[in-house]
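Only one structure is covered here, and it is reproduced in the block below.
The values are calculated or read from the model by the stated rules, or taken from the named source; none is laboratory data. Model, not experiment: these values are computed from the prediction. In this analysis, Cβ positions are derived from the backbone assuming ideal geometry, glycine residues included, and neighbour counts consider all displayed protein chains.
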Amino acid sequence: MNCGDDPSTTSLPIDARLDEIQAALAAHSRALLVAEPGAGKTTRVPLALLDAPWCRDGRLLLLEPRRVAARLAAGFMAESLGERVGETVGYRMRGESRVGPATRLEVVTQGVLTRMLQEDPMLEGVAGVIFDEFHERSLEADLGLALTLDAQQGLRDDLRLLVMSATLDVDALLGVLGEATPVIDCPGRSFPVETRHRPLRPREDAARQQAAAVLEALDETLPDEARTGDALVILPGVGEIRRLARELAARAPELSIVELHGRLALEAQRRALRPDPEGRRVVLATAIAESSVTVDGVRLVIDAGQERVPVFQPRTGLTRLATRRVNRASADQRRGRASRQGPGRCVRLWAEEQPLIPHGEPEIRQADLSPLAFELARWGITDPGELCWVTPPPAGALAAGRALLTRLGVLDAACHLTALGRACVRWPTHPRLAVMLERAAELEAWPLACALVAALEGRDLDQERDLERALAARLAAPKAHRQWHQEAQRLARIAGVGLSAAGGDAISLAPLGELLALAYPERIGQRLEPGRFRLAGGTLATLPEAHPLAHAPLLVAAELDGEASGARIFRAVALAPERLEALYPETREWRASLEWSDAQGRMLGEQVRGLDGVVLERRPLHRLPPEAVKAALLAALRRRERLPFGDEAEQLRGRVALLRRAFNRNGEEGGDDAAGKAEGAWPDWSTSALLETLEAWLGPYLDGVTRLETVEQLPLAHILTDSLAWPLRARLDALAPPRLSVPSGASHRLDYTPCLAGKPPVLAVKLQECFGWQGSPRVADGREPVLLHLLSPARRPLQVTADLASFWANGYPEVRREMRGRYPKHPWPEDPLAAEATARTKRRG
DNA sequence: CTCTCCCT
């Protein structure tokens, strides 16, 4: 949010659009406002809408992605009315709310809206909902919009909905809001920024080069000849910040260097945001400075051009951090940070030619979807296709989220909430932690569970490796950990208990392992050898051998990094095997465990009992049950992470990938197309998606199969074709033909395998066969181009083009000059468009 | 050399 200099009097670009917005929402129940930064939308639009006739009898909700932004917006609007927060304008967020009987505009954080909808899908008393900063595409905002649209369609056709965003893929959003939705554009307001590129040399020390770039930029005057204002350096992470700080301190000890990142205490963050009247500062920050907070007084931005993002791996359920190049939208947002106080400069530490992807991935495509799966079940939906999504939840991650919820005991086989799941609804936490809190009653450990959840959720646990010690310290001196204490007390109030043990005794930390086992069942690890553990979810994980828990037979890893090949455990607590049995009664049942042994070339079987990959006891098994054989085969295929597609299946997958791209909006499920709606969307046949859904499409063909070799021989192309919905199958050959006719009269096979990598299909054809071909070939109803590989008579590639007309005009004369000497028996006419196409040599006579 | 950001 951008709250310029002076509250209500200054005129802002958005003022000129307010009438248009009013008119749009008077005539439609939905509208889309696309406004650049500095337009003033966040504070002016909601207040203006309060006077609309449709709003007279109801409240207005304004959604903000962050708590600071919500507080700031509410304060600013209240001030501009000459009131205090809690009168006409209020706010609501986790654990804090300031609304009163007269409040008509509630600024809420996104999670609060989800909660309000779940508790009252009618949104009684609410006249309209405004989504701010929708372009950030947080998981919560995407879900909130899907649920609000559903409520509007089914229950509340009078509810007004306004989506506000900076630059955004308007088409994708109109796809869910409806094509008739009015779109209002508004320009922004900011000072100009001069952009420079100063690429770093690879393979040389990055911090040293960054330091040189910073000092050089500080030395130059700004576009207005000034040499004032702070410098903001944006780096991917804390490690990079520390290294650059050291380097700068060594070279220029007189500089005032300030660090800014999310792991700092709130007070330290606030200090970092305040300009120093004494002199110029160099603020080294993570992406936190991109949109979450605003460093006042910045005139110079130096952008390292990287970001560190979490990548959730559905297969292991773990999240890994990856360092990536920034996307264009982020880079421009970072640059904009130099244009708030006056004309600024942005130095980008990468080459100008460096291509950047336009946007980051929406969170829904990257994140752990178990919270989303939980909310869907609570909403009463088993198929996400029943809702309208800007980006639908990916099938694999959703399936993984549901598998976790089932393991936790909150979802049943039909994807409905169980009794435990319904009880968990009262806890405002991740479903894992909700299960822990709910089941803590069994262990008579509610106070400890509240203390533990508050510690796991807070950011103050960062430096402490030892959970037990950290908790003991907090319980002994609650007042010294204010944020933790507040949160723990809030949870304790929901539980209806006090935060201390009866009789004033110290709370026992003994149930810690069990509590963690309730929240992280797939992270229960069994020791294979000292320091090496197999987790119940199947992943291998390690601890340093010197770690006190390296020899524990069983532990729970509360935190680990997500390398699939071998995760590293950061925080863990020991667990007694008999306690595991008490928590999960299914560990007492014997089940057949079969595994394909590559070494022995056969299926090995035994009877085991335990929790998934954690085996408490084993005994021999004499007859292999067929269902278990099938499950073991599927598991073996999944472990290999590839499927034995032959060429026919690869072509088929390529064709479907192409049609998915062409006909499903943005390549997602549930196409917007008339055809897509009626016939279902083209499926995701990527290897990972097919491995996720193996049971459904391959399972029926595995009856009686006991060997992997047999699977390798199955006709996968036919099996996949059979799994296509009938209307899609009927259109497949017409939309993505296996062969294409060329002017010579011959037909040639199209190669669709490049489509699997997002590229166009390839038609390899001799150049002479294409004479006279005016247009360029296309498939998918003309929506997708075909890439031509034009070949010499000896079938050597001469030219790659998707634009024949331009090749004939520009490329051909050169090719002709070079080739006609080498292949004199073949025609090389001067005017290829007038010549006759042929697959043969020149005719005699 | 463990740690991007955010939320009920």
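In segment A:267-277 there is no residue that is out of contact with any Pro (no Cβ under 9 Å at 6 or more places or on another chain), under 22 Å from A:ALA212 (Cβ atoms) and among the acidic types (Asp, Glu). Taking strands (runs of 3 or more DSSP E) as the structural unit, those lying wholly within segment A:530-592 and holding at least 3 residues that are under 24 Å from A:ALA635 (Cβ atoms) correspond to A:532-535, A:540-542, A:554-560. Of the numbered criteria (1) within 16 Å of DNA strand B (Cβ to nearest atom); (2) over 27 Å from A:TRP379 (Cβ atoms); (3) crowded, with 18+ Cβ neighbours inside 10 Å, the one A:ARG474 fails is (1).
Residues in segment A:65-96 that are more than 8 Å from DNA strand B (Cβ to nearest atom) and either under 29 Å from the mean Cα position of the chain (by Cα) or assigned to a helix (DSSP H, G or I) (or both): A:ARG71, A:LEU72, A:ALA73, A:ALA74, A:GLY75, A:PHE76, A:MET77, A:ALA78, A:GLU79, A:SER80, A:TYR91. What number of residues in segment A:258-269 are at pLDDT 80 or above and either in a strand (DSSP E or B) or charged (D, E, K, R) (or both)? Residues meeting the conditions: 3.
Residues that are modelled with pLDDT under 90, more than 11 Å from DNA strand B (Cβ to nearest atom) and farther than 10 Å from A:LEU318 by Cβ within segment A:558-575 comprise A:SER565, A:GLY566, listed in sequence order.
Here is a list: A:GLY385, A:GLY401. Which entry is at pLDDT 90 or above, under 17 Å from the mean Cα position of the chain (by Cα) and not assigned by TED's automatic domain parsing to the domain that holds A:THR316?
Working: A:GLY385 fails: under 17 Å from the mean Cα position of the chain (by Cα).
Sole residue among the options that is at pLDDT 90 or above, under 17 Å from the mean Cα position of the chain (by Cα) and not assigned by TED's automatic domain parsing to the domain that holds A:THR316: A:GLY401.
Considering only residues in segment A:110-160 that are in a helix (DSSP H, G or I) and hydroxyl-bearing (Ser, Thr, Tyr), the one that is farthest from DNA strand B (Cβ to nearest atom) turns out to be A:THR148. Residues of segment A:757-774 include none that is buried (at least 16 other Cβ atoms within 10 Å of the Cβ), outside the structural domain of A:PHE807 (by TED's automatic domain parsing) and of a type in the set (Val, Ile, Thr). Do you know which of the residues in segment A:270-289 that are over 28 Å from the mean Cα position of the chain (by Cα) and part of a strand (DSSP E or B) is nearest to DNA strand B (Cβ to nearest atom)? Checked segment A:270-289; the qualifying residue nearest to DNA strand B (Cβ to nearest atom) is A:VAL283.
If you go through segment A:295-343 and keep only what is touching a helix residue (DSSP H, G or I) at 6+ places or on another chain (Cβ under 7 Å), within 12 Å of DNA strand B (Cβ to nearest atom) and either part of a loop (DSSP other than H, G, I, E, B) or among the hydroxyl-bearing types (Ser, Thr, Tyr) (or both), you end up with just A:SER330.
With respect to the conditions (1) assigned to a loop (DSSP other than H, G, I, E, B); (2) away from DNA strand B (no atom under 13 Å from the Cβ); (3) polar (S, T, N, Q), A:THR429 falls short on a single one, namely (2).
A:GLU106 meets the conditions (1) within 16 Å of DNA strand B (Cβ to nearest atom); (2) assigned to a helix (DSSP H, G or I) in every case but one. The failed one is (2).
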